[in-house]
1. Would you compute, for the Cα atoms of region 46-110, the largest minus smallest coordinate along each principal axis and list the three values in descending order, in whole Å?
2. Treating only the Cβ of Lys, Arg, Asp and Glu as charged (+1, +1, -1, -1), what charge dipole size does region 93-147 show about its Cα centre? Round to the nearest 20 debye.
3. What number does region 93-147 give for Rg over Rh if you use C-alpha atoms and the Kirkwood radius?
4. With a 1.4 Å probe and all protein chains left in place, how much accessible area per residue does region 93-147 have, in Å²?
5. Carbon-plus-sulfur fraction of the accessible area of region 93-147, 1.4 Å probe, in percent?
6. To the nearest 20 Debye, how big is the dipole of region 45-148 about its Cα centre, given +1 on the beta carbon of each Lys and Arg and -1 on that of each Asp and Glu?
7. Quote to one decimal, in nm, the extra length available between ALA45 and ALA118 on full extension: 0.36 nm per residue of separation minus the C-alpha distance between them.
8. Which ³J(HN,Hα) values, rounded to whole Hz and listed in residue order, are derived for region 110-125 from phi using the Karplus coefficients 6.51, -1.76 and 1.60 in 6.51 cos²θ - 1.76 cosθ + 1.60 with θ = phi - 60°, glycine and proline given as x?
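The values are calculated or read from the model by the stated rules, or taken from the named source; none is laboratory data. Quick caveat: nothing in here was measured; it's all calculated off a predicted structure. Using ideal geometry, Cβ is built from the backbone for each residue, glycine included, and neighbour counts are taken over all protein chains shown. The protein model used for the area step is the full one, side chains on, heavy atoms only, and it has no ligands, DNA or RNA in it. Shrake-Rupley method; radii C 1.70, N 1.55, O 1.52, S 1.80 Å.
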Amino acid sequence: KNKKRCVGGLLDTLPCELLEMERSDFDAVGGHMGAMVDQVQRELAVMCNDRTGDFLDGLERVRRMQELLVAARFVCRKGRHFLESACSQLEQGDVVKRYRRKQVLLEVLALLGLLLDALDKQQRLGEVVGSARPDFELATKLSRECWE
C-alpha cells in the first residue's frame, strides 16, 4: 500500500506534458522524487528488518520440523520392521507352533502338579502305614485321594 501511495504521489506531481516543463519545474519534481525514493528505501529497510526476525523464526521452525520428521521416520522404519517380522512369522506358522507348544507345556505343567500331589500323598501314606501304630483309616483316605 505504501509503495502504491508513493508511486501514485510521484505520478501526480508530474505534468501531463514533459516537454512543457521548465527547468526549475523539472528540478523541483526531480528533488521531490528523490525525497520520495529515499522515504521508500527507508520504509523498505524497516520492513526488511522487521521481516528478518520472522524469517529467522521460520527457519528455526523448519529445522525443528526436520528433526521431528527424522525421528518419525526412524519410528516408522522400526514399526515397519516389526510388522514385517510379525507377518513373516504368521506366514511361516511360527506363532501357531509357539502357541501349540505353550498349550502342551501348560497341560504338562498341570499333569506334573497332579503327579507331585500324588507323590506327596504316597509319601504320607508310606509314613502312616510304616509307623509303629499304623492308622489304616487315614491310609485308606489318602489312598482314595491318590486315585481321584
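1. 83, 25, 9
2. Working: 10 positive and 8 negative charges, 80 e Å.
Here region 93-147 has a charge dipole of around 380 debye.
3. Numbers: Rg = 17.9 Å, Rh = 13.3 Å.
Using Cα coordinates only, the ratio equals 1.35.
4. Numbers: 4840 Å² over 55 residues.
Heavy-atom accessible area per residue stands at 88 Å².
5. Numbers: 2960 of 4840 Å².
So the carbon and sulfur contribution to the accessible surface is 61 percent.
6. Details: 18 positive and 16 negative charges, 83 e Å.
It comes to approximately 400 debye.
7. Working: separation 73, 0.36 × 73 = 26.28 nm, distance 9.62 nm.
Stretched out fully, the ALA45 to ALA118 stretch lengthens by 16.7 nm.
8. Each residue's phi maps through the Karplus curve to give 4, 5, 5, x, 5, 4, 4, 4, 5, 5, 5, 5, 5, 5, 5, 4 Hz.
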